[in-house]
Every structure is written in structure tokens, then in C-alpha cells.
1. Where does the chain land at 222 nm, in deg cm²/dmol rounded to the nearest 500, when only DSSP H runs of n ≥ 4 count, each adding -39500 (n - 2.57), divided by all residues?
2. What does the extension gain come out to for Thr52 and Arg14, with contour length at 0.36 nm per residue minus their alpha carbon separation?
3. Which whole-Hz ³J(HN,Hα) couplings does region 21-33 yield from phi under the Karplus relation 6.51 cos²θ - 1.76 cosθ + 1.60, θ = phi - 60°, glycine and proline marked x?
4. Per residue, how large is the accessible surface of region 1-79? Use a 1.4 angstrom probe and give square angstrom.
5. Over the chain, what relative contact order in percent results from Cα pairs under 8 Å that are six or more residues apart?
6. Report, for the chain, the % of DSSP beta bridges that are antiparallel, rounded to 5.
7. Could you work out Rg/(2.2 N^0.38 Å) for the chain, with Rg from alpha carbons only?
8. With all protein chains present, how much of the accessible area of the chain (probe radius 1.4 Å) comes from carbon and sulfur, to the nearest whole percent?
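The values are calculated or read from the model by the stated rules, or taken from the named source; none is laboratory data. Only a predicted model underlies this, so the values are computations on that prediction, with no experimental measurement involved. Counting neighbours? That spans all protein chains shown, and the Cβs are built from the backbone with ideal geometry, glycine included. To get the accessible areas, we keep the full protein, side chains included, count just its heavy atoms, and leave off ligands, DNA and RNA. Shrake-Rupley method; radii C 1.70, N 1.55, O 1.52, S 1.80 Å.
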Amino acid sequence: VYAEEVGQSHMRVRLRAGDGSIINAIAFRAAGQKLGIALGQDRGRSVHAAGTLCIDRWNGVERVQLRLIDVAPADVSLGIH
């Protein structure tokens, strides 16, 4: 849904599942790398995302966040989202 470069070459991402639920994600040191480029180019496209769930603690607020490791295009012609 959303991807932007933040901080020291990280990518902040928002992913939406097939059921409409949304999760915030971060890809550390990905800007300018294959992962960061793919995140920027795949905005709005279906992808498979791999990562680990963690707690993001920022300014006294805790949220669930996905630490992105990789993404791959999803083949929507096969019904995989």
C-alpha cells in the first residue's frame, strides 16, 4: 500500500492482506538495495512478504510491526494474493 525511505536508508512500509487488514513494516538498510527498490516499484501490487513480527517502541507507544526480510511478486493469476 505504501513505501517510503526513512532514517538511515531504511524503508517504512504498510502492507494490506487479502482480507483488508493492514500491518506496518520496516526493512532496515534496504533503501537503494534490491529489497528497497522492489518495495518502491511494487506499491499497489500483490506480493508475498517474509519477515518477523516484533514490537515497535517509539515515543512511549508500542505497536506490532513486521521486520521485512524479503518480498516476491505474487502470481495473482493463480489466485494467490
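1. -2500 deg cm²/dmol
2. Stretched fully, the Thr52-Arg14 segment lengthens by 12.2 nm.
3. Residue by residue, region 21-33 yields 5, 10, 9, 7, 9, 9, 10, 6, 6, 9, 4, x, 9 Hz.
4. 70
5. 26
6. Expressed as a percentage, antiparallel bridges in the chain total about 90.
7. Taking the Cα Rg and dividing by 2.2 N^0.38 Å, one obtains 1.09.
8. 50
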